[in-house]
Structures are given as structure tokens and as C-alpha cells.
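Accompanying notes for the structure given below.
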Amino acid sequence: MSSLLIDNIGELVTNGIGADPLGVRRKVAVLVEEDRVAWIGPAAYAPAADHRIDVGGAAVLPGFVDSHAHLVFAGDRAAEFGARMAGEPYTGGGIRTTVGATRAASDDALRATVRRLRGEALRQGTTTMEIKSGYGLSVADEARSLRIAAETSSETTFLGAHVVPTEYADRPDDYVGLVCGPMLAAAAPYAKWIDVFCERGAFDVDHARAILACGQAVGLGVRLHANQLGPGPGVRLGVELGAASVDHCTHLSDADVDALAGTAHSDGFGTRTVATLLPGAEFSTRSPYPDARRLLDAGVTVALATDCNPGSSYTSSMPFCIALAVREMRMTPAEAVWAATAGGARALRRDDIGVLTPGARADLIVLDAPSYLHLAYRPGVPLIRQVIRNGVPQ
Ligand SMILES: [Zn+2]
């Protein structure tokens, strides 16, 4: 068994039990055996190991868990972004532009884009990244999108219900039938989750409920896009179906917040349904940010993710999302870092990632800084000095 000692850590974010929410420990070392954390303790008592990395007093964190990304697509929509910044509103209609380009692309072209963006995210500290389909919207194109996504991530999500494609514009019921029938059958072998864009202009609550129930029936976990562009029933539908996460949560009523808070675990472990906030989308569509403070104060578990996609949030950077959450959404730096690591893990119902405790997966990042605070304090600066994933320096 090979071992690796990460030594001379000035500040270690564990997200484990501790006096503060991040479980910060100082002047420690971490021993990694194979792909797991084996030991954490004072640097002065560090055991011998096959390999040693001296981080020189730097901060070390769990790798970021980006629980919401759309990486399987072709083309870009920079011109649409430019027009939006010149004053045109965002409606979600540009998704169909990407669908056309994606259908026309070869497998190799799609694969190259997924790998490029996954690599980009990894260099910025993301050690787990969920990947959705949703730009194919035909049986064959959704299945191949997920097949390609599954080459890169085990957290794959079937989003055949992203929008109704143009050829079904007059008969959305037929499209829902296709999604629940042959498309789900073709996609499910490569998917762990099912997702629906439940929003005006996309899928209404009855269609969303029907599609998510079909996915649950074949063993997929539920997550959904809800309450992004306006108020609506999406969040409460997610709670009703026991979703792992409801994503966006920009326009929430008191009833929505109460419904999320009502999914709290009895042991104080947070809520069963996580609210995943995607501030890159509000940034890129120049829209009001979600009210993270309101959710946190109600006891709702909050995650942060990038929503990386070519239309409404073309960033793969979790540090950027942390900085936005602190500056624009009134989260503390500690809350934002927790949400980008342990929060993302909860949104994927994982307890082996997003934490650095003995037995956890050895996914960690070394900052070019003495404290996690620098992730928000020094926005836009490349602070990820080293990434270790599955115990392997990248
Ligand atoms: Zn999304």
C-alpha cells in the first residue's frame, strides 16, 4: 500500500466535528493511504510515509464538489451573452441553439469539450463534478450524451426534460411520453440522477412530476431546476418527491422555504433536500441573486455549484462562485466554502467526499494562501496550487 504525507499544513478545513462549522485545524499533517485519508494529527507527530509533500504552512481544503454542470454540448453562445449585456433579457430560449449544434457534433467533438471543461475545473480545485445531458433531446442524442459524460464522472444526470425541442413544440405531451419511455430507457444505464427544468417556458409541474416519477421508478435519484426565472411550484415538487437537491432557488416564497426547512434530519444533520445556489447564472444573466441568508437562517442546507453551461453560466470555477456568494449573497466565507465542498456532497447524497476525516476520499486542494478566507478575499486570483484526487497528485 502506498502512502503520502501532506505535511506542514497551516490551516486544514476538515468539515468534520469542530468548534467552527468548517472544523478547522492548525499545524497538522494528513496521511493518505491509497485513495483514502488514513490519519490527521499534529504535524510534530506525523508518521513516516512513502512520499511527502511539504505545503509550507499553506491552507488545505477538501476538493470542491460541483453538483450542477452541463458539459456535454457543442458551440458557444458568446454573441448571445454580448447581446444580453447590451440589454436583452434571458429567457432560456437559447438552449435550442445549443441543441442544434450538439446534435450535429461528432462523439469525439463532444468528448473533447467534456474533457477540456473537466480539466479546467480540476485545475481550479473541483475533484467531483456532476454532469448533465440535456442538449441532445432525442433518444440517441441523450443516450450518447450520458455515455460520454459517464466516461468522466460517476455523477451523471439525465436531463431530457431541459426544454421541449422544436420538433415537439406543438405537442409537449408527446415529448413527455418520449422522455418517460424510450429516452429514459436508453439513458438510464448511464445515469445516476434525473432532472427536469421546471419553469415557465420549459416544463410545468404536472409534466415535471410525471417525468421525475418515471425516473424514480427505474432507480434514478431526483434533482431539479426550480424557481430560477420566477416563482413557481418546482421547489415544493422537489420536496414532495424527496429530491436530493432543488437547484437555483432564486425566487422563493415563504412556503418554499418552509417546505425545504421541513425536510430537516432529526439529528441536526441539515435538510434532506438541499438548496443548490448557482450564482454564476445570476452573474451571467445580470439577474438578482438568490437570498442565501434567508435559507441558511431557516436551517436549510445550502450548496454552491457552477451551473457550467454555454448559455447562462459559462464558468467552471468554484472559487469564483464562492467569491460571488460572499459578496453578493451575504454568505460568510466559511458558509460559502462549506457549501462548495460538504454542501455539494450532501446535494449528491455522498458522505465520502467534501470532508477530510479518516476514511474519506483523499480529494484535497492546497491553496497558495494561508487561509480559506483568501478564496473570497482575493477574487479572480488563481489560488489553487495543487490538487490531489483519489490520493494522486494531479
Ligand atoms: Zn442548470
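The values are calculated or read from the model by the stated rules, or taken from the named source; none is laboratory data. These figures come from a predicted structure and were not determined experimentally. Neighbour counts run over all protein chains shown; Cβ positions are idealised from the backbone, glycine included. Just the protein is used for accessible areas: all its heavy atoms, side chains included, with ligands, DNA and RNA removed. Shrake-Rupley method; radii C 1.70, N 1.55, O 1.52, S 1.80 Å.
Table for the structure above
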read-out: Test set (1) within 16 Å of the ligand (Cβ to nearest atom); (2) more than 21 Å from residue 69 (Cβ to Cβ); (3) not polar (S, T, N, Q) - residue 239 fails condition number; value: (1)
read-out: Complete set of residues in region 250-284 that are within 16 Å of the ligand (Cβ to nearest atom) and over 14 Å from the mean Cα position of the chain (by Cα); value: 250, 251, 282, 283, 284
read-out: Pick from region 94-135, criterion touching a residue at least 60 places away in the same chain (Cβ under 8 Å), more than 15 Å from the ligand (Cβ to nearest atom) and assigned to a loop (DSSP other than H, G, I, E, B), ranking: surrounded by the fewest Cβ atoms within 10 Å (Cβ to Cβ); value: 124
read-out: Selection from region 136-159 of residues that are of a type outside the set (Asp, Glu), within 30 Å of residue 351 (Cα to Cα), within 16 Å of the ligand (Cβ to nearest atom) and not in a helix (DSSP H, G or I); value: 153, 156, 157, 158, 159
read-out: Inter-residue pairs, beta-carbon under 8 Å, first touching a residue at least 60 places away in the same chain (Cβ under 8 Å) and in region 246-265, second among the basic types (Lys, Arg) and open to solvent by less than 50 Å² (accessible area, probe 1.4 Å), 6+ apart; value: 247/223
read-out: Residue in region 64-74 that is open to solvent by 10 Å² or more (accessible area, probe 1.4 Å) and part of a strand (DSSP E or B) present; value: no
read-out: Count of region 136-159 residues which are open to solvent by less than 10 Å² (accessible area, probe 1.4 Å), touching a residue at least 40 places away in the same chain (Cβ under 8 Å) and in contact with a strand residue (DSSP E or B) (Cβ under 6 Å, 6 or more places away or on another chain); value: 6
read-out: Matching option when the condition is under 20 Å from the mean Cα position of the chain (by Cα) and not basic (Lys, Arg), among 219, 177, 234; value: 234
read-out: Some residue of region 305-312 being within 15 Å of the ligand (Cβ to nearest atom) and either of a type in the set (Val, Ile, Thr) or surrounded by fewer than 19 Cβ atoms within 10 Å (Cβ to Cβ) (or both); value: yes
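To keep it simple, each residue is scored yes or no on (1) under 21 Å from residue 342 (Cα atoms); (2) among the aliphatic types (A, V, I, L, M).
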{"site": "220", "(1), (2)": "no, yes"}
{"site": "245", "(1), (2)": "yes, no"}
{"site": "251", "(1), (2)": "no, no"}
{"site": "256", "(1), (2)": "no, no"}
{"site": "272", "(1), (2)": "yes, no"}
{"site": "285", "(1), (2)": "no, no"}
{"site": "293", "(1), (2)": "yes, no"}
{"site": "312", "(1), (2)": "no, no"}
